[in-house]
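The values are calculated or read from the model by the stated rules, or taken from the named source; none is laboratory data. Only a predicted model underlies this, so the values are computations on that prediction, with no experimental measurement involved. Cβ placement follows ideal geometry from the backbone for every residue including glycine, while neighbour counts extend to all protein chains displayed.
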Amino acid sequence: MSVKLVYFAWVRERIGKGEEEIELPDSVVTARDLLHHLKTLGEEYENALQYPEVIRVAVNQEHVEHSEKIAGAREIGIFPPMTGG
Amino acid sequence: MSVKLVYFAWVRERIGKGEEEIELPDSVVTARDLLHHLKTLGEEYENALQYPEVIRVAVNQEHVEHSEKIAGAREIGIFPPMTGG
Amino acid sequence: MSVVPTIRVQSRDFDLQEEISALTAGRRDIGAVVTFTGLCRDEQGALSALELEHYPGMAEAEMQRIGRLALERFSLMGLTAIHRYGKILPGENIVLVIAASPHRQAAFDGANFVMDFLKTSAPFWKKEHAQDGTARDWVAAKDADDTARDKWR
Amino acid sequence: MSVVPTIRVQSRDFDLQEEISALTAGRRDIGAVVTFTGLCRDEQGALSALELEHYPGMAEAEMQRIGRLALERFSLMGLTAIHRYGKILPGENIVLVIAASPHRQAAFDGANFVMDFLKTSAPFWKKEHAQDGTARDWVAAKDADDTARDKWR
């Protein structure tokens, strides 16, 4: 499965890009699987996603729990807790 | 003791005037005494102060309880519960 | 820092933006401004106007007292309260409260507190005028307003 | 009556009076309007600016979702939420929420609710710029914001 990933705030800064299209192995089923897979892609990912439990994930621009499946995702957002308002 | 009384809203309408200077007998000590004394002054007062427990009293422009003494009052306001805001 | 509330009782309308600017101009330490505007409703067309009566002198004094309580209790950086009197038409403003603070909850609470106490202790009374031009009745005080005030105890 | 929230994400400033007028113009059934304005504080002179980043598309969608929840939950007659992005200087506006309702508590609650959820679920992030021109750090999310949100459960 190929999916567009978009990064924000310090996740974006640490990974060093705002978005990318990547190919996911079949073993990646949930949002949590995705975060752990990304951590294997290099030091910058490891650095950005060191504490995956604090990272927020949105599938097709809607928040999802880490336990949710990401099948059918066209775009997945990965970012720190929000600090707007 | 002579004191200026000021009336507002339906208390003013029922008594038929906005203010008056009256002489109080020595038996009038508290705000409650004052309301009961006023009720004896005529039908319009009786009508305005029929239920004295709902009437609010202010001495020198500060709210007082009915049990408070009114000695030293220059101006006493008598009015229904407030409905501003 | 000694902040005093801005209090006004007036028959003319107020300008919200002007009052906010007066409170916040030149400041860089305010993080939150909450405003409350109370307006005259037409009660599904039944009401043609409200007549607001007040106790001159005491109205201002009570609003000052309430404003000072709010400034202290919520550590506000600024507070404005303006109440109109006289004839007010549906859609027109009756009352304005502005609370400024570093953080949002204090600003919300400060404005809410002032409104709850204005309703129950500032000497203002509303009389309704019906659509046909005849005077209707004085608005009755609501138990719900006392309950709202008592939540701050 | 189907009311929809007015939602905008923009870099330019907003005008409070203009937004209120858009919400209330021509209406005679609104009794209470509460506005919340969030501003950039200079943190005792340490801060020269905030940089607001957002997730385009999702930011608007989340604000719409929050706005609809508030309209329904508090039976509001109107709701506006505007959030800025980009560089914002101390004293400048960041966010505006307006809630209109027949009665005061619903307007207070509606605006407060929207702010609590904007803080915790709308995809915006603040980065602080120090007075000496160097970038400071990303603002950390506060547990207190989650607690504030959870009071609505």
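If we keep just the residues of the stretch A:69-85 that are exposed (fewer than 15 other Cβ atoms within 10 Å of the Cβ) and modelled with pLDDT of 95 or more, which is nearest to the other protein chains (Cβ to nearest Cβ)?
Of the stretch A:69-85, the ones exposed (fewer than 15 other Cβ atoms within 10 Å of the Cβ) are A:69, A:71-72, A:74.
Restricting the remaining residues to those that are modelled with pLDDT of 95 or more gives A:69, A:74.
Details: A:K69: 19, A:R74: 12 Å.
Among them, the one singled out is A:R74.
Would you tally the residues in the stretch D:2-15 being over 17 Å from D:F124 (Cα atoms) and either touching a residue at least 60 places away in the same chain (Cβ under 8 Å) or touching a Gly at 6+ places or on another chain (Cβ under 6 Å) (or both)? Explain how you work it out, then say what you get.
From the stretch D:2-15, those over 17 Å from D:F124 (Cα atoms) are D:2-6, D:14-15; that's our starting set.
Retained after the next criterion (residues that are either touching a residue at least 60 places away in the same chain (Cβ under 8 Å) or touching a Gly at 6+ places or on another chain (Cβ under 6 Å) (or both)): D:3-6, D:14.
The number of residues fulfilling the criteria is 5.
Taking the condition within 13 Å of chain D (Cβ to nearest Cβ) and of a type in the set (D, E), does A:E44 pass? Give the derivation first.
On the way: within 13 Å of chain D (Cβ to nearest Cβ): no; of a type in the set (D, E): yes.
For A:E44, the condition - within 13 Å of chain D (Cβ to nearest Cβ) and of a type in the set (D, E) - is not met.
Counting only residues that are aromatic (F, W, Y) and either crowded, with 23+ Cβ neighbours inside 10 Å or more than 7 Å from chain B (Cβ to nearest Cβ) (or both), how many does the stretch C:132-147 have? Before the answer, list the steps.
Residues of the stretch C:132-147 aromatic (F, W, Y): C:138.
Right, trim to either crowded, with 23+ Cβ neighbours inside 10 Å or more than 7 Å from chain B (Cβ to nearest Cβ) (or both) and you get none.
The qualifying residues number 0.
Restricted to the stretch C:9-46, and to residues that are away from chain B (no Cβ under 14 Å) and assigned to a strand (DSSP E or B), which residue is farthest from the chain's Cα centre (by Cα)?
Checking each candidate, the answer is C:A32.
Being outside any loop (DSSP other than H, G, I, E, B) and under 17 Å from D:F124 (Cβ atoms) is the requirement here; does A:R12 meet it? Lay out the reasoning, then the answer.
Numbers: outside any loop (DSSP other than H, G, I, E, B): yes; under 17 Å from D:F124 (Cβ atoms): yes.
Yes: the conditions hold for A:R12.
In contact with a Leu (Cβ under 6 Å, 6 or more places away or on another chain), part of a loop (DSSP other than H, G, I, E, B) and not basic (K, R), is that true of C:I82?
Values: in contact with a Leu (Cβ under 6 Å, 6 or more places away or on another chain): yes; part of a loop (DSSP other than H, G, I, E, B): no; not basic (K, R): yes.
The answer is no for C:I82.
Against the condition within 11 Å of another protein chain (Cβ to nearest Cβ) and in contact with a strand residue (DSSP E or B) (Cβ under 8 Å, 6 or more places away or on another chain), how does C:R65 come out, does it pass?
Values: within 11 Å of another protein chain (Cβ to nearest Cβ): yes; in contact with a strand residue (DSSP E or B) (Cβ under 8 Å, 6 or more places away or on another chain): no.
So C:R65 fails the test.
Would you tally the residues in the stretch D:132-153 being of a type in the set (F, W, Y) and outside any loop (DSSP other than H, G, I, E, B)? Break it down stepwise before answering.
First pass over the stretch D:132-153, keeping only residues of a type in the set (F, W, Y): D:138, D:152.
Now narrow it down to the ones that are outside any loop (DSSP other than H, G, I, E, B): D:138.
So the count comes out to 1.
Restricting attention to the stretch B:28-82, which residues are in contact (Cβ under 8 Å) with a residue 12 or more places away in the chain and among the β-branched types (V, I, T)?
Within the stretch B:28-82, B:V28, B:V29, B:T30, B:V54, B:I55, B:V57, B:V59, B:V64, B:I70, B:I76, B:I78 qualify.
Can you find a residue that is in a loop (DSSP other than H, G, I, E, B), within 11 Å of another protein chain (Cβ to nearest Cβ) and surrounded by 23 or more Cβ atoms within 10 Å (Cβ to Cβ) anywhere in the stretch D:114-131?
Going through the stretch D:114-131, the residues in a loop (DSSP other than H, G, I, E, B) turn out to be D:122-123, D:131.
Filter once more, so that each one left must be within 11 Å of another protein chain (Cβ to nearest Cβ): D:122-123.
Narrowing the set further to residues that are surrounded by 23 or more Cβ atoms within 10 Å (Cβ to Cβ) leaves D:122-123.
Yes: one or more hits.
Does the stretch C:69-83 contain at least one residue that is surrounded by fewer than 18 Cβ atoms within 10 Å (Cβ to Cβ), under 15 Å from the mean Cα position of the chain (by Cα) and modelled with pLDDT of 95 or more? Break it down into steps so the answer makes sense when it comes.
From the stretch C:69-83, those surrounded by fewer than 18 Cβ atoms within 10 Å (Cβ to Cβ) are C:69, C:72-73, C:75; that's our starting set.
Pick out the ones that are also under 15 Å from the mean Cα position of the chain (by Cα) and you get C:69.
Subsequent filtering for residues that are modelled with pLDDT of 95 or more retains C:69.
Yes, the conditions are met somewhere in the stretch C:69-83.
Within the stretch B:21-59, track down each residue that is surrounded by 12 or more Cβ atoms within 10 Å (Cβ to Cβ) and either in a strand (DSSP E or B) or in contact with a Pro (Cβ under 6 Å, 6 or more places away or on another chain) (or both).
Across the stretch B:21-59, the qualifying residues are B:I22, B:T30, B:L35, B:R56, B:V57, B:A58, B:V59.
Could we say that D:A46 is under 20 Å from A:G77 (Cβ atoms) and surrounded by fewer than 22 Cβ atoms within 10 Å (Cβ to Cβ) here? Break it down into steps so the answer makes sense when it comes.
Values: under 20 Å from A:G77 (Cβ atoms): no; surrounded by fewer than 22 Cβ atoms within 10 Å (Cβ to Cβ): yes.
No.
Every residue in the stretch C:74-104 that is more than 13 Å from chain B (Cβ to nearest Cβ), charged (D, E, K, R) and in contact (Cβ under 8 Å) with a residue 60 or more places away in the chain, please.
C:E92, C:R104
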